[in-house]
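Working notes, beginning with the structure itself.
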Amino acid sequence: MNDQVDKQAHADDLYAESHYWHVNTGNETIHAKRMPGRFRNVKWAAAAVWLVFFVGPYLRWGERQAVLFDIPGRQFHIFGITILPQDVWMLSLTLLFFAILLAVVTSIAGRVFCGYFCFQTVWTDIFTWIEDKLEGGPQKRRKLDEAPWDFTKIRIKVVKHVIWIAIGMLTGISFTLWFGDAFEMWKGFLTLSASSVAWGSVAVFTFFTYLFAGHMREQVCFWLCPYARIQGVMYDKETILPAYDYNRGEPRGKLKKGQIEEGKGDCIECGQCVAVCPTGIDIRHGQQEGCITCALCLDACDAVMEKIGRPTGLIRYASMDELEGKPALKMFQRPRVLVYLTILTLAMSGILYGLFNLSGIEVKVLHERQPLYVLQSDGSIQNKYSVKILNKTAQDQQVRLSVAGLPELTVSGGEGSLAAHKGRITSYTVFVRVPRASLKTESTPITFHVEAEGEEELVSTYTSMFIGPRP
Amino acid sequence: MSEQNNPYGAPTTGHVWDDNLAELANQPPKWWMIGLHASWILVVLYGIAYPMWPWFGGATTGLMGWTQIGEYKQDVAAIQSVRAKYEDQLPGMSASAILADSELSEYVVRSAKVLFGDNCAACHGGGGQGNPGYPNLVDDDWLYGGDIDTIVMTVTNGRTGMMPAKAGVAMTDAEIDQLANAIAQGQPTSSPLFMEKACFACHGMDGKGMHALGAPNLTDSIWRFGDGSVEAIKYTITHGVNDPSDPQSRNAVMPKFGERLNETDIKKLAVYVSKLGAN
């Protein structure tokens, strides 16, 4: 009997929090209230970063687009720099840099990316702003949703959806512009003669922008986005997050005659923090998966606190330690932050090294494997190499090849002035022959040196092996 | 779900496990249902557009008229049209003219790799490096001559080496031993037997071989059979090459590829082989 009770108590413990789990699964539309405030301004400023996405493709650099991801040509142009597939390691480092940047920022200040920079939340914010302008505040919007379809409702809804789709199209078109000449692409779109890939991209972007930002909104963060969950587990007790100070707020109670009742906390259950939340959660239940840390509830609560004459900051950026009254660890004493910063620095140094050492010309040498070496009739040993000269400059170059590393070696197949075509690899088959007496070991390093004619800084060296029989 | 966690008062199936676990019978989220319906609609549309449904005498053809073999043929035609600008020139040119044209010879080196793999690599090795008993094609030593026209002739008509066992006359073991030692040292003419047994008739007065007969140079570092050891040379002298009277005779036959390949393919192979080892 006792066992039975224990079991029951245990099960109840498990579900103790479940009363607070009001996760919206999309069966109701969240109509969040929009309120001015400090973090509202920060959110606009952060969203403005996305203007680069729309304006960027029109910047020019010399005769071409300043930033152009030329996929068919397998070249990325970023202002004065041209990046070819051979430099892909820099892309990996860039991705590593941003992944770790996400981790370190999340570890310090929560889901800053989600709250301020993520395209999903930014586009949703714009879409709901338009909705707010056309349909009015949350009350009016709910009423309009329930109202019968009359001319006014149809007019308002049609205008809203047309604007949403237009934004979706502009998003799609702007995306494609990064991959081709922006002005040519526009010409293609306006004359309906763009490529099917371009049209397809625009269609996909339009559809998903409209679906995600217009209809699914916070559902994307809840159910589709892996980063939302990944970032959630990167918090620790020192991470500062928009948090409700329960010590100050509890026990809650409504205002009586404009005053907080004796013995009650500062939270007056006005519900403004919930009303403004774009994902429809209640921050007072503590940190939860639905919180994108946009801090709009901070603005709402501060406005109320000012009105009732209490200090602001009942909901504020605070760490769990701070709320529990524990001493806060300094940022640079946290091992997690230090490890992340070390990786960041390494990735950044790698990228900078890469950018400053991108040579205009690069030689790679592949040693023939079958056979590794050939015995010639005079007893000398011949090795075959394929020499690949990559010319990253904008002009065709004439280059000279020299090979060194063994006494009395002779080279055939790479003599004189060799053409290295611009923007691609030109390959040559080169035979190196040495007298058998020159070989002291089975394999000897030899270097291939390529130098552009008339351009002294365009040089590249590669070390390969010369293989011979066992001496 | 536990009975405490049913905020929307959804209906349950009525089953209860572990005292308080009930199964809710509410609708899945709307977006999920939309996804479900969109998926099966897509399957139906796909089935209309593409061949999919089993039908009498095959399957439905689909409105798009797409077939796997059709797509394959299209791709092959696309590759052939890219290659046409080179391929169209090849039949009218001689092998030596192709070799002299740097662009065409580069094309041939890249495209004839498959041809070489299919027809030549079995004996001569994937890189032309030869195999025991089969000549190396990447060195500078040629039995019948390494100029392009000779290579074309070799590939077209094949080759059959010939060397009589014991020089076609009787040779004692001591004589074979003496001759083999002289050859192993790279100085065949130092042995009087080289003249006496008429080796010079094929291998030349200086022992440097004769392309017209496919007789190898005996003074260089490259050996047609074996590794140049006295033992291997003695075997060759004793049993000869392709000597019908000696069942242990060495074998040296290259088949006629003129019967299997067309002229253009043979020209391609000749160019490919010429380029293998920097002639």
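Treating the Cα atoms of the range A:160-264 as identical point scatterers in vacuum, please give the log10 of the normalised Debye intensity I(q)/I(0) at q = 0.20 Å⁻¹, two decimals. Evaluating at q = 0.20 Å⁻¹ gives log10 I(q)/I(0) of -1.01. Can you give me the C-alpha center-to-center distance between the range A:408-422 and the range B:43-106, rounded to a whole angstrom? The two parts, judged by their Cα centres, are 38 Å apart. Ranking of A:LEU314, A:LEU59 by solvent-accessible surface, largest first: A:LEU59, A:LEU314 (1.4 Å probe, protein heavy atoms only, all chains present). Computed per residue of chain A from DSSP H runs no shorter than four, each worth -39500 (n - 2.57), the mean residue ellipticity at 222 nm is -12000 deg cm²/dmol. Taking a ≥ b ≥ c as the square roots of the eigenvalues of the Cα gyration tensor, the range A:101-227 is oblate, since a/c reaches 1.5 or more and a/b is not larger than b/c. If you bin all the Cα-Cα distances of the range B:136-279 at 5 Å, starting from zero, the percentages per bin are 2, 10, 17, 21, 19, 12, 10, 6, 3, 1, 0. Rounded, prolate or oblate: which one fits the range A:231-343, using the alpha carbon gyration tensor with axes a ≥ b ≥ c (rounded when a/c is under 1.5, else prolate when a/b beats b/c, else oblate)? Note, shape of the range A:231-343 comes out prolate.
Taking amide H as placed 1.01 Å from N in the peptide plane, A:ILE83 has its amide H under 5 Å from the amide H of A:PHE76, A:HIS77, A:ILE78, each at least 5 places away in sequence or on another chain. Here B:LYS234 is the anchor, and the lysines within straight C-alpha reach of less than 29 Å, apart from those fewer than 8 places off in the same chain, are B:LYS166, B:LYS197, B:LYS208. Over the range A:291-399, the hull volume per residue, using the convex hull of the C-alpha atoms, is 281 Å³. Electrostatic tally near A:LEU134: other residues with Cβ closer than 12 Å to its Cβ, Lys and Arg +1, Asp and Glu -1, net +4. For A:THR279, what is the net charge nearby, where nearby means another residue's Cβ is under 13 Å from its Cβ and Lys, Arg count +1, Asp, Glu -1? So the environment of A:THR279 carries a net charge of -3.
Accessible surface of the range A:51-110, 1.4 Å probe: 78 percent of it comes from carbon and sulfur atoms.
In the context of the full protein assembly, A:LEU224 retains an accessible surface of approximately 80 Å², using a probe radius of 1.4 Å and ignoring ligands and nucleic acids.
Helix A:151-177 axis versus longest C-alpha principal axis of chain A: approximately 20°, rounded to the nearest ten. Under a cut-off of 17 Å between alpha-carbon atoms, report the aspartates and glutamates in cross-link reach of B:LYS256, not counting same-chain residues fewer than 8 places apart. Leaving aside aspartates and glutamates fewer than 8 places away in the same chain, those within reach of B:LYS256 are B:ASP118, B:ASP149, B:ASP265.
Dimensions of the protein assembly as shown based on its C-alpha atoms, expressed as ranges along the principal axes with the largest first, amount to 136, 75, 70 Å. At 1.4 Å probe size, what's the solvent-accessible area of A:TRP50? Round to the nearest 10 Å². Roughly 60 Å² of A:TRP50 is accessible to a 1.4 Å probe.
Start at zero, step by 10 Å, and the Cα-Cα distances of the range A:361-467 spread as 15, 48, 26, 10, 1 percent across the bins. Mean projected area of the Cα convex hull of the range B:224-279, taken over all directions, amounts to 5.8 nm². Radius of gyration over Kirkwood radius for the range B:51-209, both on Cα atoms: the Rg/Rh ratio is 1.26. Rounded to the nearest 10 degrees, the angle from helix A:335-356 to the longest Cα principal axis of chain A is 40 degrees. Heavy atoms of the protein chains alone define the surface here; on that basis the range B:12-59 has 80 Å² accessible area per residue at 1.4 Å probe size. For B:ARG159, the amide hydrogen comes within under 5 Å of the amide hydrogens of B:MET254, counting only partners 5 or more places away or on other chains and with H modelled in the peptide plane.
Across chain A, the relative contact order, built from alpha-carbon pairs under 8 Å that are at least six residues apart, equals 14 percent.
The largest accessible area among A:LYS264, A:LYS384, B:LYS208 belongs to the first residue in B:LYS208, A:LYS264, A:LYS384, and the rest follow in falling order (1.4 Å probe, all chains). Once C-alpha pairs closer than 8 Å and six or more residues apart are averaged by separation and normalised to the residue number of chain B, the relative contact order reads 20 percent. Within the range B:12-59, the percentage of alpha carbon pairs spaced more than 18 angstrom apart rounds to 61%.
Report the normalised scattering of the range B:88-140 as log10 I(q)/I(0) at q = 0.19, 0.23 Å⁻¹, calculated by the Debye formula with identical scatterers on the alpha carbons. Once normalised to I(0) and log-transformed, intensities are -0.74, -0.91. Excluding ligands, DNA and RNA, the accessible surface per residue across chain A is 54 Å² with a 1.4 Å probe.
Distance between the C-alpha centres of the range B:228-256 and the range A:301-345: 90 Å, rounded to the whole angstrom.
Give me the angle, in degrees from 0 to 90, between the Cα long axis of helix A:296-307 and the longest principal axis of the Cα atoms of chain A, rounded to the nearest 10. Taking Cα atoms only, the helix is inclined about 40 degrees.
A simple count of charges around A:ILE315, restricted to other residues whose Cβ falls under 9 Å of its Cβ and scoring Lys, Arg +1 and Asp, Glu -1, yields 0. The residues A:ARG316, A:ARG141, sorted by heavy-atom accessible surface at 1.4 Å with ligands and nucleic acids left out, run A:ARG316, A:ARG141 from largest to smallest.
For chain B, the percent of C-alpha pairs falling in each 5 Å distance bin, counted from 0 to the bin holding the largest distance, reads 1, 5, 8, 11, 10, 8, 7, 6, 5, 5, 4, 4, 3, 3, 3, 4, 4, 3, 2, 2, 1, 1, 0. Computed with a 1.4 angstrom probe on protein heavy atoms, the A-B interface buries about 2200 square angstrom of accessible area in total. Solvent-accessible area of the range B:162-251 (1.4 angstrom probe, protein heavy atoms only): carbon and sulfur portion equals 56 percent.
At 24 Å minimum axial length over the Cα atoms and a Kyte-Doolittle cut of -0.5, report the qualifying DSSP H helices in chain B, or say none. Going by DSSP H runs, the hits are B:30-49. Helices in chain B, meaning DSSP H runs of at least 4 residues, each add -39500 (n - 2.57). Divided by all residues, the mean residue ellipticity at 222 nm is -13000 deg cm²/dmol. Return the carbon/sulfur percentage of the accessible area of the range A:166-228, one whole number, probe 1.4 Å, all protein chains in place. Looking at the range A:166-228 in its full context, I get 78 percent from C and S.
Just list whichever of A:LYS33/A:LYS153; A:LYS422/B:LYS73; A:LYS43/A:LYS330; A:LYS364/B:LYS113 have alpha carbons separated by over 28 Å in the model shown.
Cα-Cα > 28 Å for A:LYS422/B:LYS73; rest within.
Taken as Cα centroids, the range A:357-372 and the range A:48-91 sit 27 Å apart, rounded to the nearest whole angstrom. Considering only DSSP beta bridges with both partners in chain B, what is the antiparallel share in %, to the nearest 5? Restricted to chain B, the bridges split so that about 90 percent are antiparallel.
Here the average projected area of the convex hull drawn through the C-alpha atoms of the range A:23-358 stands at 21.7 nm².
Phi-derived couplings, Karplus 6.51 cos²θ - 1.76 cosθ + 1.60 at θ = phi - 60°, listed residue by residue for the range A:435-445: x, 4, 5, 6, 8, 9, 9, 5, 10, 10, x Hz, with x used for Gly and Pro.
The values are calculated or read from the model by the stated rules, or taken from the named source; none is laboratory data. Treat the numbers as computed from the prediction; the structure is a model and nothing was measured. Heads up, the Cβs are rebuilt from the backbone with ideal geometry, glycines too, and the neighbour counts pull from every protein chain shown. The accessibility values were calculated without ligands, DNA or RNA, using every heavy atom of the protein model including side chains. Shrake-Rupley method; radii C 1.70, N 1.55, O 1.52, S 1.80 Å.
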